[in-house]
Amino acid sequence: MTLRTLEALTFDNTYARLPEAFYAKLNPTPFQASPYLVHANPEAAALISLDPEEAARPDFAQVFGGSLLVPGMEPLAMLYSGHQFGVYVPQLGDGRAILLGEATNERGERWDLHLKGGGLTPFSRDGDGRAVLRSTIREYLCCAAMTGLGIPTTQALCIVGSDHKVYREQVETGATLVRMAPSHVRFGTFEIFYYRKQHEHLRVLADYVIAQHYPHLTAVPTKYARFFTEVVERTATLIAQWQAVGWSHGVMNTDNMSVLGLTLDYGPYGFMDDYDAGFICNHSDHNGRYAYNQQPYIGLWNLSCLAQALLPLVEKEALKAVLETYQPFYEQTYLTHMRAKLGLREGRTEDDSLIQDFLGLLQESHADYTRVFRELSAFSSAEGATNEKLRELFLNRDRFDEWAARYRDRLRSEQSRDGERQARMDRVNPKYVLRNYLAQVAIEKAQHKDFSEIERMYTLLQHPYSDQPGMEAYAAPPPNWGKHLAVSCSS
Ligand code: AMP
Ligand code: MG
């Protein structure tokens, strides 16, 4: 692979060639204080054939901090709307993000370079168009975590900081994050043209998304219905992965739902520490609309909004029929993940209750979700084994023993061998996740211009399933101070 300099990046800006109604063209607004690199992601750089060594150049921070464009960039803010907390908001759009251009790599693949925090756009409403260092670090590290876990996500190329002050509840350090994805089209991009009754634009958008991202459907007579079917499946698949790893998005508004089934828009997300089905990671979500156990249902609700927006293109009955496939598809996918987490190779009807009863035990014991599953890998099915290390994570030991006996029988009934099973389970039960408090430590150090913890976490999270020497502390549940950190929307 030949690696490129910044100036040698190549672009093919397909979105900029869509009708003008789809976006507003504008340049980023430079920070008032010089930009500096906080961290750059060599894996993401490779996706656009960019030499990772380029990150060391001052120009890198200039470009990705919004002060300098490289040839071929055609910056624009994308227009969209969406349902926020169940209410339709007629216009949202990139209020603090700017699509710099679509970089093409050596294989001809296109990647949106989306500058988050690049200043005001026509869609900024009451906001300042900026992002703070704290929230960019959270997004950056979670992208690394999701990628390491194998969960579809947007990527993060880099964080650029600046001593430019940004006013939130307190004065904070400004920063930009460059987000990469094959596309940033959201459910809300379809919704805006539907609700504005711009059905010709809606069709152009659908044709564009299909041609770019679902090219196998272009010649299919029912292509719009088939497109919707694939979005339903990708969304269900994504949410099943979130549930299995114990992750909550926190703001599943339809403008934060990717038509590619990627995890999009990291705000007040959270990996669960203690298992709690009703876990609400977003401090501003007072009614728990986006609680952990609501996510599968919200996925369906959001897909119904997309279905509504597709009404001018697809028969209502056909859309309804596709929506009805969501729940069984989701349940099957979730069950497949959970079986793997329990190390079960075969499918049995009693598995669902075995899984649910286990989760019930975790709930009752406030047991650490990640740790319990990792410990379960080491479960011994030998006669008389008490599995003490696992057992002591539960409050009601008798009930744990009952469950363990059922589990042992279930394992034996498929001739499971402990060593082989443990290796398999370790590949699906992560040892390291981005616990809130770990992100917080990295943030606090970064606020004193020490970016070493970002580097450490970035490296750690690339291999969440492997035991990493010297990193035992990063697998531990949070200390008391780190248990109830408040995170909320828009920062
Ligand atoms: P989010 O919660 O990040 O998905 O944002 C929801 C909407 O608010 C999107 O249209 C954002 O572009 C916009 N927004 C969020 N924060 C800001 C900000 N600081 N300045 C301008 N717009 C913002
Ligand atoms: Mg958003």
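The values are calculated or read from the model by the stated rules, or taken from the named source; none is laboratory data. Quick caveat, the model's predicted, so the values are computed rather than measured. Positions of Cβ are backbone-derived with ideal geometry, glycine not excepted, and every protein chain shown enters the neighbour counts.
The set of residues from the stretch 112-156 being within 14 Å of ligand 2 (Cβ to nearest atom) and on the phi > 0 side of the Ramachandran plot comprises GLY117, ARG125, GLY129. Listed by first and then second residue, the pairs linking a residue in the stretch 287-311 that is not assigned by TED's automatic domain parsing to the domain that holds ASP276 to a residue that is part of a helix (DSSP H, G or I) and surrounded by fewer than 17 Cβ atoms within 10 Å (Cβ to Cβ), with Cβ atoms under 8 Å apart and 6 or more places separating them unless they lie on different chains, form an empty list. Scanning the stretch 165-205 for residues that are part of a helix (DSSP H, G or I) and β-branched (Val, Ile, Thr), we see that the one that is surrounded by the most Cβ atoms within 10 Å (Cβ to Cβ) is THR189.
Residues in the stretch 157-196 that are over 19 Å from the mean Cα position of the chain (by Cα) and among the basic types (Lys, Arg): 3 in all.
Conditions tested, residue by residue: (1) within 16 Å of ligand 2 (Cβ to nearest atom); (2) more than 20 Å from THR154 (Cα to Cα); (3) at pLDDT 95 or above.
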residue	(1), (2), (3)
VAL232	no, no, yes
MET252	yes, no, yes
ASP265	yes, no, yes
TYR269	yes, no, yes
ILE280	no, yes, yes
GLN294	no, yes, yes
ALA307	no, yes, yes
LEU323	no, yes, yes
HIS337	no, yes, yes
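Could you tell me whether any residue of the stretch 21-30 is assigned to a helix (DSSP H, G or I) and surrounded by fewer than 20 Cβ atoms within 10 Å (Cβ to Cβ)? Yes; the residues of the stretch 21-30 include at least one that is assigned to a helix (DSSP H, G or I) and surrounded by fewer than 20 Cβ atoms within 10 Å (Cβ to Cβ). Counted as qualifying within the stretch 388-452 are the helices (runs of 4 or more DSSP H) with 2 or more residues that are in contact with a Ser or Thr (Cβ under 9 Å, 6 or more places away or on another chain), namely 397-413, 418-426, 436-446.
For the stretch 256-276, filtered to residues that are among the hydrophobic types (A, V, I, L, M, F, W, C) and under 16 Å from LYS483 (Cα atoms), the residue that is nearest to the chain's Cα centre (by Cα) is PHE271. Among the residues of the stretch 37-54, those identified as more than 15 Å from LEU115 (Cα to Cα) and surrounded by fewer than 20 Cβ atoms within 10 Å (Cβ to Cβ) are PRO42, GLU43, ALA46, LEU47, ASP51, PRO52, GLU53, GLU54. Taken across the stretch 366-373, residues that are in contact with a Ser or Thr (Cβ under 9 Å, 6 or more places away or on another chain), of a type in the set (S, T, N, Q) and in a helix (DSSP H, G or I) do not occur at all.
The set of residues in the stretch 69-88 that are over 21 Å from ARG110 (Cβ atoms) and either touching a residue at least 24 places away in the same chain (Cβ under 8 Å) or surrounded by 24 or more Cβ atoms within 10 Å (Cβ to Cβ) (or both) comprises SER81, GLY82, HIS83, GLN84, PHE85, GLY86, TYR88.
Can you name every residue in the stretch 206-228 that is within 30 Å of ASN282 (Cβ to Cβ) and surrounded by fewer than 22 Cβ atoms within 10 Å (Cβ to Cβ)? Within the stretch 206-228, VAL209, HIS213 meet the criteria. For the stretch 246-262, the set of residues classified as β-branched (Val, Ile, Thr) and surrounded by fewer than 24 Cβ atoms within 10 Å (Cβ to Cβ) consists of VAL251 only.
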